[in-house]
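Have a look at the structure below before the remarks.
Just so it is clear, none of the values below were taken in a lab; they were calculated from the coordinates. Since we're looking at a predicted model, the values are computed, not measured. Quick reminder, even Gly has a Cβ in these numbers, built from the backbone with ideal geometry, and neighbours come from all protein chains shown.
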2 protein chains.
Amino acid sequence: MTKKNAIYAQSGGVTAVINASASGVISACRKYSDAIGVVYAAQNGILGVLNEELIDTTTESEANIKKLQQTPGGAFGSCRYKLKSLEDNRYEYERLIQVFKAYDIGYFFYNGGNDSADTCLKVSQIANELGYPIKAIHIPKTIDNDLVITDNCPGFGSVAKYVATSIMEAGIDIKSMALTSTKVFVLEVMGRNAGWIAAACGLASVDNNKPPHIILFPEIIFDEEKFLTKVNETVKNYGFCVIAVSEGIKKANAQSIVVNQNGIDDFGHVQLGGVAPVICSIINNKLGYKYHWAVADYLQRSARHIASKTDLEQAYLVGYCGVEYAIQGYNAVMPAIKRISNTPYRWEIECVDLNLIANHEKFMPRDFITDDGYHITNKCRQYLEPLIFGEDYPEYKNGLPDYVELNNIKVVKKLAPFNFGR
Amino acid sequence: MTKKNAIYAQSGGVTAVINASASGVISACRKYSDAIGVVYAAQNGILGVLNEELIDTTTESEANIKKLQQTPGGAFGSCRYKLKSLEDNRYEYERLIQVFKAYDIGYFFYNGGNDSADTCLKVSQIANELGYPIKAIHIPKTIDNDLVITDNCPGFGSVAKYVATSIMEAGIDIKSMALTSTKVFVLEVMGRNAGWIAAACGLASVDNNKPPHIILFPEIIFDEEKFLTKVNETVKNYGFCVIAVSEGIKKANAQSIVVNQNGIDDFGHVQLGGVAPVICSIINNKLGYKYHWAVADYLQRSARHIASKTDLEQAYLVGYCGVEYAIQGYNAVMPAIKRISNTPYRWEIECVDLNLIANHEKFMPRDFITDDGYHITNKCRQYLEPLIFGEDYPEYKNGLPDYVELNNIKVVKKLAPFNFGR
């Protein structure tokens, strides 16, 4: 086998465990050093390849590569940048191949979600078309848990553990105070179209009386009257009402409850946020209850301090197995998580054709949501629960997590700058 | 010594460690069983005394009383209810004494913040005036860290650890993405008048380049022009800007940036919240940067999963020592935390006259804030850092913290109902 170099890149929204996948990729490449030479990490995802901003990971110690497993965020930088089709922008693909050739790249590991799976697939196809052989492997990552085929997505389990723990804790707080203070609490969580994160809040309801009492999913049309009746009933029954709301909930006309005017991201997604205060003001106007609300935003996806051990193990292994697949000769594939059993929870990694993954989106099945649309079913609980199993705490220094910052030493460029404007 | 019973009650906003104080009080009372008989916990603070809603804690196992140390919120319920002066409402005080007599109460442990210190002091004074001898001890608790005399307040250290960790994690996330995504992130934290919690965010800046880049304190008048210049400089220098903002920041005319219309609490405080989106829209309108914001709200004060071990130990000990002071004959006192040294951090509990505590408020000293008003000084860091030292994780069950719920068996009432309307 001819030895080739590799590029690893992180794409899209980062997570508490995407660096664990980086650790898996780099560790595996080091193990298979007969097949793989230098691992370059592209700075800021695919942009780092286009811009020839390549970090030489060989300068990083074993200890630091291991410490990536306990560090949130994207150690090499990530990006939101979508490659156009070959017809629309052949120049970009030619540039990628130019960089691959210049660095003798035989392996491309792209660590991202739905949009990144599409990018990775395009890279593999185009490399073929342009006659440059490369193994392009997609390493799954998304807190949205919306990739198809794979049982779940690395990154999700840790968000799930964070939101379930947080709403459990806040619920205990509110219960203590409800007689003379806040009656309604709303926690807004991420999830544009798929309600997986909102559903995870439901894990905190360890029995039927426990908060959250109501979950608002993007999959269920928001009906204000029905919702207010449910809130009122809950306050009458329990003295307080705790609500988890997905940022992406929609009214009957498919419109968001609120659209943040901040703009639209590079993938054409409207940037959401701020549903919680809107829900609270609806409740306060109609029912008059005192309320509080929280918006977890980035805290939820960067909360490495309360990562799921299961999630962490899976994130590491999809990285590690992705390298093994590449060495075995696979191209345009993704290591997916296959669930073998619920009790005890057992899983394995399997190799899946990227064509089956890219450009699909997995929503909550209707039977994961209760008939009234306001909570998760036992079936959903059985699915979600194992994903938050286990704790894996980072080391602390002076009371704060001791997260690693890599040297990130970039190679001296060999090529002319890339002209994005062309 | 004649054996007397005790009442313990929790008041005001609950914390991640107020139950550790409860555990300290109950454990000490059990140890000194020659002096103290039954410990009744009033349900929902002083209201539980007025309403004769008394929980018999003797039915709780040692194990559960210990487990209170790892459980956030107020296990017996808390309240926001301010006793009026004796002149304005003598009837309420007479009722307290009536309940004390009915249950042979010799000890009153009131666990709360500033307003509760005042309540506790009044109870001790009034009991004297009405000829019913009682030892009224205030057990300090407030995330606001604004009690005077005591070096710090139990509850604060855990919030400090939570907000510093959270903004550190979010900062790493944003740095990863800033090239093509969010440039400005704002985390809103609690703190009406005192900026202690906002200051704690500054601990995450382990060196000068590290987020948060800007802290907005309620003690410093918000100057929009100057602030926007600082934000712009930060984005130009580092590529992104992370901001911690206290809910209570004020403009030059002493007006809040935003006032939540939800109402005013029982102590006459305006309920704040929602400063973060306002700050973001100011930035976006003037500078055009893409932003995200988070509002931690109750998550910050209930986050037992990342409590400070130092805070936890102090919370337990102020409870425990409060009982010892009572037995030693003290009345109208508070166990305060006295710092002996910074390096190594050493502290002890001392007995302080409640007259020196009640109705005072401790703000951030000006020399704890940098000259430009946007960060903490080294002096502040030296003060804050030890308070977040150490981790003390709760046990987990099925991936979630295993928090205890007590039996909370109430005694059968002996008295006629209390008429609040009188």
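Considering only Cα-Cα distances, which of the following residue pairs are longer than 20 Å: A:Lys175/A:Lys290; A:Lys236/B:Lys413; A:Lys309/B:Lys66; B:Lys338/B:Lys379? Show your work: numbers first, answer last.
Working: A:Lys175/A:Lys290 13 Å; A:Lys236/B:Lys413 24 Å; A:Lys309/B:Lys66 27 Å; B:Lys338/B:Lys379 17 Å.
Result: A:Lys236/B:Lys413; A:Lys309/B:Lys66 exceed 20 Å.
Can you tell me the equivalent ellipsoid semi-axes for region B:285-364? Use √(5λ) from the Cα gyration tensor, largest first, whole Å.
36, 17, 15
If amide hydrogens are placed 1.01 Å from N in the peptide plane, which non-local residues have theirs closer than 5 Å to the one on B:Tyr396?
Sorted by chain and number, the residues that satisfy this are B:Asp402.
By per-residue mean of other Cβ atoms within 10 Å, what is the highest-first order of A:198-207, A:164-173? Show your work: numbers first, answer last.
On the way: A:198-207: 24.1, A:164-173: 28.4.
Highest mean packing first, the order is A:164-173, A:198-207.
Over the whole of A:180-187, what's the average partner chain Cβ count within 10 Å per residue? Rounded to a whole number, please.
For peptide A:180-187, the averaged partner shielding equals 4.
For region B:1-59, with the dipole built from +1 on Lys and Arg beta-carbon atoms and -1 on Asp and Glu ones, taken about the Cα centre, which of B:Gly13, B:Thr57, B:Gly45 lies farthest toward the positive end?
B:Thr57
Of the beta bridges DSSP finds with both residues in region A:156-304, what % are antiparallel, to the nearest 5?
10
I need the calculated FRET efficiency for the pair A:Val412 and B:Asp367, taking r as the beta carbon distance and R₀ as 45 Å, to the nearest 0.05. The partial results should precede the final answer.
Details: r = 47 Å, r/R0 = 1.04.
For A:Val412 and B:Asp367, the calculated efficiency is 0.45.
Report the full-extension gain for the segment A:Asp353 to A:Asn419: residue separation times 0.36 nm, less the Cα-Cα distance, to one decimal in nm.
In short, 20.5 nm is gained.
Put a label point 7 Å from Cα along the Cβ direction on B:Ile221, then list its distances to the equivalent points in the other copies in nm, shortest first.
5.4
Given R₀ = 35 Å, FRET efficiency for A:Leu228-B:Tyr91 by Cβ-Cβ distance, to 0.05?
0.35
In debye, nearest 20: dipole of the protein assembly as shown around its Cα centre with unit charges on the Cβ of K, R (+) and D, E (-)?
My answer is approximately 60 debye.
For chain A, what does -39500 (n - 2.57) per DSSP helix run (n ≥ 4), summed and divided by total residues, give at 222 nm, in deg cm²/dmol to the nearest 500?
Calculated at 222 nm, the ellipticity per residue is -10500 deg cm²/dmol.
Just need the Rg to Rh number for region B:182-254, please, alpha carbons only, Kirkwood Rh.
Using Cα coordinates only, the ratio equals 0.96.
Can you tell which of B:Lys236, B:Lys250, B:Lys410 shows the greatest fluctuation in a Gaussian network model of chain B with Cα springs below 10 Å?
B:Lys236
What is the helix-to-structure angle for B:156-177, meaning the angle in degrees between its Cα long axis and the longest Cα principal axis of chain B, kept from 0 to 90 and rounded to the nearest 10?
Computed tilt is about 20 degrees.
Averaging over all projection directions, find the projected area of the Cα convex hull of region B:58-161 and quote it in nm² with one decimal place.
8.2
Return one number: the angle in degrees, 0 to 90 and rounded to the nearest 10, between the long axis of the Cα atoms of helix B:114-129 and the longest principal axis of the Cα atoms of chain B.
20
As I understand it, the value is the acute angle between the Cα axis of helix B:18-31 and the longest principal axis of the Cα atoms of chain B; what does it come to in degrees, rounded to 10?
Helix B:18-31 sits roughly 30 degrees off the main axis of chain B.
Per-residue mean of other chain beta-carbon atoms within 10 angstrom of the beta-carbon, peptide A:68-78?
Taking the mean over all residues of the peptide, I get 4.
Would you work out the relative contact order for region A:156-304, in percent, from Cα pairs under 8 angstrom that are 6 or more residues apart?
31 percent.
What number results when the radius of gyration of chain A, computed over Cα atoms, is divided by 2.2 N^0.38 Å?
Cα Rg divided by the expected 2.2 N^0.38 Å: 1.03.
Could you calculate, for the protein assembly as shown, the ratio of the Cα radius of gyration to the Kirkwood radius, expressed as Rg to Rh?
1.01
Got the relative contact order for chain A handy, in percent, Cα pairs under 8 Å and 6 or more residues apart?
23
Using r as the Cβ-Cβ distance of B:Glu62 and A:Val206, and R0 as 30 Å, what FRET efficiency do you calculate, to the nearest 0.05?
Computed FRET efficiency for B:Glu62 and A:Val206: 0.80.
For chain A, with a Gaussian network of springs between Cα atoms less than 10 Å apart, report the residue from A:Gly45, A:Gly106, A:Gly399 with the top mean-square fluctuation.
Maximum fluctuation in the GNM of chain A, among the listed residues, is at A:Gly399.
Describe numerically, in nm with one decimal, the distance between label points set 7 Å from Cα along Cα→Cβ at B:Lys101 and at A:Asn398.
5.9
Could you sort B:33-40, A:56-63 so that the peptide with the highest average Cβ count within 10 Å comes first and the rest follow in order?
Going by the mean number of other Cβ atoms within 10 Å, highest first, we get B:33-40, A:56-63.
With a Cα-only, solvent-free Debye model of region B:156-304, what are the log10 I(q)/I(0) values at q = 0.11, 0.15, 0.20 Å⁻¹?
Values, matching the q order: -0.38, -0.72, -1.27.
How far is B:Cys351 from itself in the other copies, in nm, if each label sits 7 Å out from Cα along the Cα-Cβ line, shortest first?
7.6
Would you mind checking which residues have amide H under 5 Å from B:Gly239's amide H? H placed 1.01 Å from N; only 5 or more apart, or other chain.
Amide H neighbours of B:Gly239: none.
How large is the dipole of chain B about the Cα centre if only Lys and Arg carry +1 and Asp and Glu carry -1, each at its Cβ, rounded to the nearest 20 debye?
240
Enter the mean number of other protein chain beta carbons within 10 Å of the beta carbon of each residue in A:160-171, as an integer.
Other-chain Cβ atoms within 10 Å of each residue's Cβ, averaged: 6.
Residue-wise, which Karplus ³J(HN,Hα) couplings in Hz belong to region B:294-310, taking 6.51 cos²θ - 1.76 cosθ + 1.60, θ = phi - 60°, and x for glycine or proline?
Karplus values, whole Hz, x for Gly and Pro: 10, 10, 6, 6, 4, 4, 5, 8, 10, 6, 4, 5, 10, 5, 7, 5, 4.
Taking every DSSP beta bridge that has both residues in the protein assembly as shown, what percent is antiparallel when rounded to the nearest 5?
Antiparallel bridges make up about 35 percent of those DSSP assigns within the protein assembly as shown.
Measuring from the axis that superposes chain B on chain A, report the chain B residue with the minimal C-beta distance, rounded to whole Å.
Spelled out, residue of B and its Cβ distance from the axis onto A: B:Val295, 2.
Nearest 5 percent is fine: what portion of the DSSP beta bridges confined to chain B is antiparallel? List each step's numbers first, then the result.
Values: 18 of 49 bridges.
Given both bridge residues lie in chain B, the antiparallel proportion sits at roughly 35 percent.
How would you order A:349-360, B:294-305 from highest to lowest mean count of nearby Cβ atoms within 10 Å? The partial results should precede the final answer.
Values: A:349-360: 16.9, B:294-305: 27.8.
Those peptides, ordered most packed to least, come out B:294-305, A:349-360.
Excluding residues on the same chain fewer than 8 positions from B:Lys3, give the lysines whose Cα lies under 16 Å from its Cα.
Correct list for B:Lys3: B:Lys31, B:Lys101, B:Lys135.
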